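S.K.: I am attaching a structure below and will ask some questions about it afterwards.
No value in this document is a laboratory result; all are computed from the given coordinates. For clarity, every value in this text was computed on a predicted model and none was experimentally measured. Cβ coordinates were reconstructed from backbone atoms using ideal geometry, including for glycine residues, and neighbour counts include every protein chain displayed.
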Amino acid sequence: MSDSKKPNYLAEGTWPCTVLGAECGEDKGLITVRINVKIDDGPSKGRTCSYEDRVDAKSAPYVARSCKAVGWGGLKITDTLVTDVSKWIEKTGGKSTVQIRYIDIKRGKKYDAWLDDHRAWIDGGRQGAEPQPPIWDKVQAIGNGPKPLAAPSKTAAQDADEYLMRALADEGSAPPMDAPPASGAPPVTDEDVPFITSNWTRVNGGVL
């Protein structure tokens, strides 16, 4: 198989994503849901993919979880899924996670083509690396990864820094006063901190 014909699989794993929207209709006599997303990080960053499944007795619990994760309210899915997901995206920005799982393909046209290639490679009639068996890069689920974190507010960030500095000080591992902060601002000096020696001596004429 030439490089141009090699499958460009989605990277396996659970990745942060942005939900683009949902669809709901009928396929082969069963209601089918589709949740479209764009992967935000990892080797497949920027690529779009879709979680899709037909609703039956076996799949219903898994379909419900993915749909609930993107804002579905749990009422009649054919009437509410698309609207509920659109409202959820508008309210939250649509940040979620997508799980990609590799499943071996063991029958069908792709498998038969691989068998032919592999036999030819064994017999010496095909050059290059050993052909790899086909896989299905299945979109397994939406929203089952860690919940995306919101951007920190100024107050929450200041509180966290204060708590951490106290904890480090208690352990004797606080950074030195003249250490440059990560923000690139100039280090804290004794002129910036009240009630230390230089301020006292300046106020009192330098007499200790």
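S.K.: Does the stretch 3-50 hold any residues that are part of a loop (DSSP other than H, G, I, E, B), of a type in the set (K, R) and either in contact (Cβ under 8 Å) with a residue 60 or more places away in the chain or touching a Cys at 6+ places or on another chain (Cβ under 9 Å) (or both), and which are they? Break it down into steps so the answer makes sense when it comes.
M.R.: Here is the first cut: in the stretch 3-50, the residues part of a loop (DSSP other than H, G, I, E, B) are 6-12, 28-29, 40-47.
Cutting the leftovers down to of a type in the set (K, R) gives us 6, 28, 45, 47.
Matches in the stretch 3-50: none.
S.K.: Identify all residues within the stretch 53-94 that are touching a Ser or Thr at 6+ places or on another chain (Cβ under 9 Å), surrounded by fewer than 16 Cβ atoms within 10 Å (Cβ to Cβ) and touching a residue at least 40 places away in the same chain (Cβ under 8 Å); write none if there are none.
M.R.: G93
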